[in-house]
Every structure is written in C-alpha cells, then in structure tokens.
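The values are calculated or read from the model by the stated rules, or taken from the named source; none is laboratory data. These numbers were taken from a predicted model, which means no experiment stands behind them. Every residue, glycine as well, gets a Cβ built from its backbone with ideal geometry; the counts of neighbours run over all protein chains shown.
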C-alpha cells in the first residue's frame, strides 16, 4: 500500500501561538499572507487556535484591489475562516497627514487591526512578514543611518494596549513561501506596485539586495541575524537605562548647601561629572533617554554635539535642539528645558542643515535628501515672508503666504510651517507637492 504523501509545511514560530488564541491573519491575497493562512489553517485544530482573516482594501489600484478583496474572501470561505474586510481612502489620508502612500497604508492597516482587537473580535493579528522582509527592513534602516533600535527591524511581537501583532514567519524565506504554495497548487494575487521602483522597498528588493548577494550569497540571512542581535542589545540597554537614569537624571534646581528645589519649568539636569565618568555608549543612551522625556528623538549629530557640551563644554554655553529643546551648560550640570513661547508670540524651530545626500531630524520629523552626487547642504527652516514655491502643474511661482491661505493654515501652525531651502530655492514644503527638481529630492517621515 502506497503511504500518503507528506503534508507540505513551512517553519512557523509556534511559540507565539497559545491554545485558545483567537487569531486573525492579515490576508492581503499576496503569496506571503496566503501561505501563512494555508499553513495556520492546516494546523489550527492541532494548535487549539481559532482563526479569522482580515483584509483591508486601501482604495488604491482600482479593479485590481477589488479582485484582491474577492480572492481573499473566497480563500477564507474555502478554508472555513471568518472573514473581515474594510475599505479606506489611503491617498486622501496620506495627503491629510503629509505621509507617503506606504506610510499611510501601514498606519491605516494597523489602526484597523487595533480597532478590531479593541472590540474583542479577536485577540491578536498575525502578519506574514518573512526573512526577506526583515533583510530589506534592516538594510533600509542601515542606509538611513538608524540607531541600534532601528536595526532591530521587524519584531516577532508588537505590543499594543488592544492586543498583539505576531510575526510567526520571520524565519521563512520568500523562495520557501513560493515552493510551499506550489506544492499545494495554491494561487495568489500579484500586486503590480511591488515592481514599481519609485518605492524605496522595491529598489532594495529588486536592485540593491541582488547586487549585494553577488558579494555574499547569505546577505539576507546575515541581515536577519543582525536584527536579532540588535533586539537583544536593546533589551539589555533598556534594563541598564532603567537602572541608571533615576540616579543620573535630576529634576528641579540645585540649592546652596545641597539638595534640589522643586521647579515648574519641566527641565531635566544631568550631573556633568557623573556623565563624563560613563562610557561613551552610556552617555549617548542617557542623553537620548533624557530628550525622549520631552518626546524628542535626537539624531547622531545632535547627540554628539550634546555629549560634547555635557562632557567638555563651558558654563553658559547653550545649544538649540529639535522639539524645540534648549540645552544649557552650568558649572556642574547639563540642563535640558523645553522652549516655551512668551505670551503673544510663537516659537520657531531653529534652522537645521540637511546634508545632500543625507538626513536629519527637525520639526519632529525625519528629513531625507537624495541626490545623484554630493552637493551643498539644504536648510530645514520655517517659511519666511517673501518665500515663493512652484507647485507641481502650476504655471509659475506663488507666495507661500498665499498657499497657506488656500490650505487654511492659521495661528501657530502657520507661523511654524516647515520648508526645505536648497541653493536659494524652496524644494519642499509641508502639505503640497512642488515642481520636480532634477538635482535633489526631499522626503519626510514622522519620527
């Protein structure tokens, strides 16, 4: 008698899946999410989990997106899985929040997942991120100059108050996914935008990573390993900072004879002698942790300048930081304080140099300049009276004042509206699309 053919399988991280879990799969219709759906459906009874499928229609790609939605619904019905779907206008939301389409799509997708978890429809969501996705994420972060937390890439578990996002396929390659689906004779939907090189991730996937594989065929595996190392490093540092920060970050003002008096200015101080005694790695962590108390994320350049002020600066020196924050060196302390506007005035962020190519933090955002060759730095600043911009598809330049009036921007937001100036020309302005500049491109991400 011929033994039955073995059931195809892929290597999922089953430690994330506990009996009794009500789990939704983020089912887009693409190969990765279809593979995860099939793999979990085959083992749901064995694992003791209850499966759902959640498909978000992003309002992009017209009829193709409608077919993705129908394909996902049909697959869920065949497998006997409860299907949830919702539609959003991603393009409109991207414009409203000054985001890229990719950023808006991700934000909307996770917001919907959280909404469903909050309503107790299910307990957690599994997304089909693979080892290849991890490699692309880490490489992209490395190119942008991320700190160690950025190199930790896609985490196996993402915690939200409403529930958890689980990534059980991070050890599975895209090639293994396609081989698994071929064994099952299972089709999937191809998103044509995955071939569009206008998207950074697609250039990493189709251009840079294949080129790097010529140098090292195991580059994807090594980048995935780097993410795991970085996650463990971050866990260690979080413990160390939690232990040391209460001892070194001081509130209030020092008083003669010792001790500290309470203060209402929300400032945080660091004893410069104790700061200088720490290794550079700890100094950076402490300073970034202090800035984070004001919801400010410091770039490497800002951190190093602040570290120099704290370890070898002179009393009376000050430094303007994003946020905006002010760092002041006193005889014994480095003090961080939020800038507060005087009554009847507005506080404008300082001008910040943006390397070309390169990136910098300003206005609570991450600005990135791309250029075919090195060029003079750009300036991230507030708009000024007399500034003009040329909107895309417009016949000529217009005053920024008039553009803001059309956008109905008023009050403090209007006074602090950011622009990027390069060689005397405004090449980026928040909220509008400017005429293309062939020498420089500027993009912005929320931090």
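Annotations
One line per residue, one yes/no per condition, for (1) surrounded by 16 or more Cβ atoms within 10 Å (Cβ to Cβ); (2) farther than 28 Å from residue 36 by Cβ; (3) assigned by TED's automatic domain parsing to the domain that holds residue 284:
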position	(1), (2), (3)
203	no, no, no
215	no, yes, no
226	yes, no, no
236	no, yes, no
246	no, yes, no
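- Leading residue by the ranking (modelled with the lowest pLDDT) among those in region 376-395 that are under 12 Å from residue 428 (Cα atoms) and assigned to a strand (DSSP E or B): 391
- From the list 131, 142, the lone residue that is exposed (fewer than 15 other Cβ atoms within 10 Å of the Cβ) and touching a helix residue (DSSP H, G or I) at 6+ places or on another chain (Cβ under 9 Å) is 142.
- Any hit, region 119-128, residues being out of contact with any helix residue (DSSP H, G or I) (no Cβ under 6 Å at 6 or more places or on another chain) and without any contact (Cβ under 8 Å) to a residue 12 or more places away in the chain: yes
- Matching residues in region 271-291 - criterion: being under 27 Å from residue 353 (Cα atoms) and surrounded by 12 or more Cβ atoms within 10 Å (Cβ to Cβ): 282, 283, 284, 285, 286, 287, 288, 289, 290, 291
- Where helices (runs of 4 or more DSSP H) sit wholly within region 1-117, those with at least 1 residues that are at pLDDT 95 or above and touching a strand residue (DSSP E or B) at 6+ places or on another chain (Cβ under 6 Å) occupy 31-47, 62-79.
- Given (1) within 30 Å of residue 428 (Cα to Cα); (2) crowded, with 16+ Cβ neighbours inside 10 Å, number of the condition residue 24 does not satisfy: (1)
- Within region 397-406, at least one residue is part of a strand (DSSP E or B), modelled with pLDDT of 80 or more and surrounded by fewer than 18 Cβ atoms within 10 Å (Cβ to Cβ).
- Residues of region 383-394 satisfying the condition of being surrounded by 17 or more Cβ atoms within 10 Å (Cβ to Cβ) and closer than 12 Å to residue 418 by Cα: 383, 387
- Test: residue 302 is buried (at least 17 other Cβ atoms within 10 Å of the Cβ), at pLDDT 90 or above, in contact with a strand residue (DSSP E or B) (Cβ under 7 Å, 6 or more places away or on another chain) and not assigned by TED's automatic domain parsing to the domain that holds residue 381: no
- Failed item, numbered, when residue 317 is tested on (1) over 23 Å from residue 253 (Cα atoms); (2) in contact with a strand residue (DSSP E or B) (Cβ under 7 Å, 6 or more places away or on another chain); (3) at pLDDT 85 or above: (1)
- Subset of region 305-326 (residues that are crowded, with 17+ Cβ neighbours inside 10 Å and under 17 Å from residue 367 (Cβ atoms)): 321, 322, 323, 324
- Tally of residues being outside any loop (DSSP other than H, G, I, E, B) and surrounded by fewer than 15 Cβ atoms within 10 Å (Cβ to Cβ) across region 357-375: 1
- Count of region 283-307 residues which are in a loop (DSSP other than H, G, I, E, B) and under 16 Å from residue 319 (Cα atoms): 5
- Flag if residue 182 is more than 26 Å from residue 61 (Cα to Cα), in a helix (DSSP H, G or I) and assigned by TED's automatic domain parsing to the domain that holds residue 65: yes
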